[in-house]
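S.K.: First the structure, which I've put down as structure tokens, then a few questions once you've had a look.
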Amino acid sequence: MANPRSVTVTSSSDPDRRAQTRQHILNATERLLAGGEAFAKLSIQRIAVAAGVSRATFYLHFHTKRELIAALAQDITAAWTEIAAPFLTDPLASRDDLEQGLHRILVLWRQHRAVVAAIIELAEYDLDMRQAWRDTLAGIAQIIGQSLQQRRSQLPPEKTELLSWFIVWSGERFMHQEVGEASPERDHLLVAVLSEIVWKLMHD
């Protein structure tokens, strides 16, 4: 018997409907992860039911669960990049601008922490996911690198690239370990520590 809540995709020429259905699937996956479901044990059928779509509809949008989690990763990092861009693209941006951006990123991380945790966990043992996560974060590293070139023009290109990745991976690990279930009451302290480190690396 068909799922009465299934979302029907009429054709590939209906981009609005397809985009809406895709978002239903992404949102449902995030809800399941936030509810305590382990991504490794989460079946496509379970995701489809939660999204109100059929398995066939799911496969119209994502061929595998890995592709699904990679799409979630891209959406989240795109939001991070949008927040960070004003500071990174303006060489005259202040320390306060940095702190405001970091606070927004921290709030967004906490909002999506279940998805990010699943991505990081999967990347530990899945080489394809590890590369996909690195490729996704590469956009942020590139923007940081361009910002470093503006602020520290004497820094050699090789060091600029490595320093960019150091900031990215350090921030990822710090957020993963320290934000998680931590109380938002500590956010001001976390932001203060992060901003001090990033500011010095960007300007020293």
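S.K.: Mind checking the full-extension length gain between Asp16 and Asp97? Use 0.36 nm per residue of separation minus the Cα-Cα distance, one decimal, nm.
M.R.: Separation in residues times 0.36 nm, less the Cα-Cα distance, equals 25.6 nm.
S.K.: Place a point 7 Å from Cα of Gln146 in the direction of its Cβ. Which residues in segment 165-204 have their backbone N less than 16 Å from it?
M.R.: Output list for this probe position: 165.
S.K.: With r defined as the distance between the Cβ atoms of Glu196 and Glu158 and R0 fixed at 25 Å, what FRET efficiency is calculated, to the nearest 0.05?
M.R.: Plugging the Cβ-Cβ distance into 1/(1 + (r/R0)^6) gives 0.45.
S.K.: Heavy-atom accessible area per residue, the chain, 1.4 Å probe: how many Å²?
M.R.: Roughly 56 Å² per residue, with all protein chains present.
S.K.: While we're on this one: Which of Gly101, Leu68, Pro157 sits closest to the plus end of the dipole of the chain, meaning its Cα is farthest towards the positive end, when Lys and Arg get +1 and Asp and Glu get -1 on the C-beta?
M.R.: Looking along the dipole axis, the top candidate is Leu68.
S.K.: Hey, another quick one. At R0 = 41 Å, how high is the FRET efficiency between His203 and His63 if r is their beta carbon distance? Nearest 0.05 is fine.
M.R.: 0.40
S.K.: Divide by every residue of the chain the summed helix terms, -39500 (n - 2.57) for each DSSP H run of at least 4, and state the resulting mean residue ellipticity at 222 nm, rounded to the nearest 500 deg cm²/dmol.
M.R.: -25000 deg cm²/dmol
S.K.: In debye, nearest 20: dipole of the chain around its Cα centre with unit charges on the Cβ of K, R (+) and D, E (-)?
M.R.: Computed about the Cα centre, the dipole is about 640 debye.
S.K.: Suppose each label sits 7 Å from its Cα in the direction of the beta carbon; what would the Glu121-Ala40 distance come out to in nanometres?
M.R.: 0.8 nm
S.K.: Sticking with this one: Carbon and sulfur atoms: what percent of the 1.4 Å accessible area of the chain do they account for?
M.R.: On the way: 6160 of 11400 Å².
Its accessible area is 54 percent carbon and sulfur atoms.
S.K.: What number results when the radius of gyration of the chain, computed over Cα atoms, is divided by 2.2 N^0.38 Å?
M.R.: Rg over 2.2 N^0.38 Å, computed on Cα atoms: 1.15.
S.K.: Quick check: residue separation of Leu189 and Arg31 times 0.36 nm, minus the Cα distance between them. What number comes out in nm?
M.R.: 54.0 nm
The values are calculated or read from the model by the stated rules, or taken from the named source; none is laboratory data. Keep in mind the model is a prediction, meaning the values are calculated, not measured. Reconstructed Cβ throughout: ideal geometry from the backbone, glycine too, with neighbour counts over all protein chains shown. Heads up: the accessible areas ignore ligands, DNA and RNA and are worked out on the full protein's heavy atoms, side chains in. Shrake-Rupley method; radii C 1.70, N 1.55, O 1.52, S 1.80 Å.
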